[in-house]
Every structure is written in C-alpha cells, then in structure tokens.
Amino acid sequence: MPDLFQQHSPLVQIDFGELQDNAPTIEETPFLGYLNLRGKTSNMAFVAAVLKVLGVEPPTTANTMVESGDYRIYWLGPDEWLVITPTGQAGKVQSELNAELKDVFSSIVDNSSGLTLLKITGENATKLLNRDCPLDLHPWVFKPGQCAQTRFAKAGMTIAPLRDGSGFEIIIRRSFADYIGLWMQDACVEFE
Amino acid sequence: MLLIECPYCGERDETEFSYAGEAHIARPLETEKLNDAEWADYLFMRKNPKGAHREQWLHAAGCRRYFNAERDTVNYKVKSTYKIGEQS
C-alpha cells in the first residue's frame with residue numbers, strides 16, 4: 001500500500017485554474033484505483049464471482065459502463081473490463097476478486113499507478129475534445145452509460161459522458177498526462 | 001476520413017486501426033514434413049491482388065481485438081468486417 005502523502009499527481013505542474021473565460025473546466029481526479037479484469041462471460045463462475053465482489057455483472061454490451069456503489073466497470077473488450085475503485089481500495093478489491101476467481105480462468109491486474117482521470121465540463125467540452133478526437137461526441141450519439149476507447153491528440157484515452165450531461169470524464173495514461181494537459185491548455189487559448 | 005466497422009465497437013475512424021496482414025492463412029499441421037519451399041511459402045508468400053482482398057485488422061486504439069476485413073485494394077472500400085473464426 002503506497003503512502004498517499006508521497007504520491008504526486010501526474011498533472012502537478014499544470015494549472016487548469018487559469019484557463020480562458022469560455023474554456024471548459026478541466027479537473028483531475030488523481031489516485032483512483034484501476035483494475036484490469038479479464039475473463040469469459042460464458043463462464044458462469046466468472047460472472048458470479050464478479051457479481052459477488054463488485055455487486056454487478058460485467059457489462060457485455062460493447063462500449064457501455066455500469067456503476068455499482070463506489071465502483072465503476074467499463075467495457076474494454078469482449079473479455080476485458082476496467083474496474084475503477086475509490087482511492088486506496090484497488091488492493092482490497094483485487095485480493096477479494098483473486099480469492100473468488102482462484103479456480104476460474106481469469107486475470108486481474110492493478111493498473112492504479114498507470115492511469116489518471118480528467119473531468120472536462122462546460123459548454124465547450126465537446127469542442128475541446130473534438131479538436132483531436134475522431135469520435136462523434138454529440139449527446140444524441142454518445143449518451144451517459146456508454147464509454148469508448150479512442151485517441152485524443154494521438155494518445156490513447158477511455159472516454160465516457162458524465163451522468164448529468166455536463167461533460168465527459170477521460171481516463172488517460174499517467175505517462176501521457178503531462179502531454180495531454182499541455183495540449184489542452186494550448187487548445188483552450190481560442191475559448192477567450 | 002475513412003470509417004471502418006469494428007465487429008465489436010461499430011464504426012470508428014481509420015486512425016484507430018492498424019493493418020495486420022493477409023487473413024485466412026492456416027498454419028500447416030505437420031510442419032516437420034514440409035520442405036523448405038513449402039515452409040517458405042507459408043511464412044513469406046502473400047497474395048497481392050488488385051481488387052478484393054481478405055485481411056486482418058487490429059482495432060489498436062479501441063478494443064484491441066483482431067478481426068477480418070474484405071477490402072478492395074483498388075478503391076480502398078472495406079466491403080465487410082467479421083470476427084476471427086467467422087465467415088463473412
């Protein structure tokens with residue numbers, strides 16, 4: 001268990017507080033837990049184990065996510081999911097899943113130190129993201145409950161609309177966070 | 001901008017995909033009985049058709065799954081895509 005007081009956000013050097021007046025609001029939620037979960041939904045034991053630990057079955061519809069209490073589960077592939085847990089809980093959830101899935105063909109990998117989450121809200125949020133994201137982010141097409149893996153400014157990201165329709169959350173690699181942060185700051189210059 | 005239909009994710013931008021070679025090349029079952037020419041044929045020799053071509057593609061920036069596509073090499077139209085193990 002890492003000491004949280006020793007952790008630094010990957011965006012510690014970037015100040016999103018002083019963007020242009022009409023720029024979307026960009027906020028980082030650092031230090032969440034991220035688990036990469038793999039298994040076959042055709043195996044009932046796998047589904048039952050996930051249901052027992054996380055309180056919900058892994059979503060089988062492509063590009064959808066489900067919420068269960070403090071946990072969120074993103075569909076990443078037909079046999080792959082991203083489980084987001086509150087800060088400091090990834091280890092606990094991982095060991096619970098490991099115990100339940102001991103004899104089941106599956107894998108759980110803790111990715112917590114490799115990813116970070118940004119919330120982009122405000123009326124120009126879609127405009128900012130579509131500066132270099134090929135996905136159609138219009139609310140008619142991309143609704144809350146859906147998620148997608150795509151690219152932003154050539155770096156990989158997982159994106160989902162926020163429930164209240166105010167914007168999006170994007171999950172990016174920690175190693176690309178500084179680059180994406182600077183890219184967004186620069187892209188916001190036009191929203192004066 | 002070209003849209004390619006991933007059999008899992010649906011239509012996505014071409015930049016999310018990468019090409020992964022000719023599809024439907026089965027590995028010979030008894031490789032120890034092959035001579036060098038037959039082995040080289042399996043390893044290296046690929047079709048280079050002008051027109052319809054069956055290929056493997058990878059949804060690299062999306063679900064990271066391989067799938068098969070039938071693409072016309074003349075006009076780059078992707079006629080169909082289907083999962084590995086399926087027939088179009």
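Does segment B:46-61 contain at least one residue that is closer than 23 Å to A:L135 by Cα and in contact with a Cys (Cβ under 6 Å, 6 or more places away or on another chain)? Yes.
Screening B:I4 against (1) within 14 Å of chain A (Cβ to nearest Cβ); (2) open to solvent by less than 40 Å² (accessible area, probe 1.4 Å); (3) assigned to a helix (DSSP H, G or I) leaves a single unmet condition, (3). On the given criteria, is A:D136 open to solvent by less than 70 Å² (accessible area, probe 1.4 Å) and among the acidic types (D, E)? So A:D136 fails the test.
Please state which one of A:N22, A:N43 is open to solvent by 20 Å² or more (accessible area, probe 1.4 Å) and in contact with a Phe, Trp or Tyr (Cβ under 6 Å, 6 or more places away or on another chain). Steps first, answer last, please.
Details: A:N43 fails: in contact with a Phe, Trp or Tyr (Cβ under 6 Å, 6 or more places away or on another chain).
Of A:N22, A:N43, the one residue that is open to solvent by 20 Å² or more (accessible area, probe 1.4 Å) and in contact with a Phe, Trp or Tyr (Cβ under 6 Å, 6 or more places away or on another chain) is A:N22.
Within segment A:59-79, the set of residues being surrounded by fewer than 19 Cβ atoms within 10 Å (Cβ to Cβ), of a type outside the set (D, E, K, R) and not in a strand (DSSP E or B) comprises A:P59, A:T60, A:T61, A:G69, A:P78. A Cβ distance below 7 Å, combined with a sequence gap of six or more or placement on separate chains, defines the contacts here; from segment A:42-69, residues that are not assigned by TED's automatic domain parsing to the domain that holds A:A160 reach residues that are open to solvent by 60 Å² or more (accessible area, probe 1.4 Å) and aliphatic (A, V, I, L, M) in the pairs A:E57/A:L51.
Restricted to segment B:50-76, and to residues there that are outside any loop (DSSP other than H, G, I, E, B) and touching a residue at least 40 places away in the same chain (Cβ under 8 Å), the residue that is most open to solvent (accessible area, probe 1.4 Å) is B:Y66.
The values are calculated or read from the model by the stated rules, or taken from the named source; none is laboratory data. What you see is a predicted model, and the numbers here were worked out from it, not measured in a lab. Positions of Cβ are backbone-derived with ideal geometry, glycine not excepted, and every protein chain shown enters the neighbour counts. We work out accessible area using only protein heavy atoms, side chains counted, and drop any ligands, DNA or RNA first. Shrake-Rupley method; radii C 1.70, N 1.55, O 1.52, S 1.80 Å.
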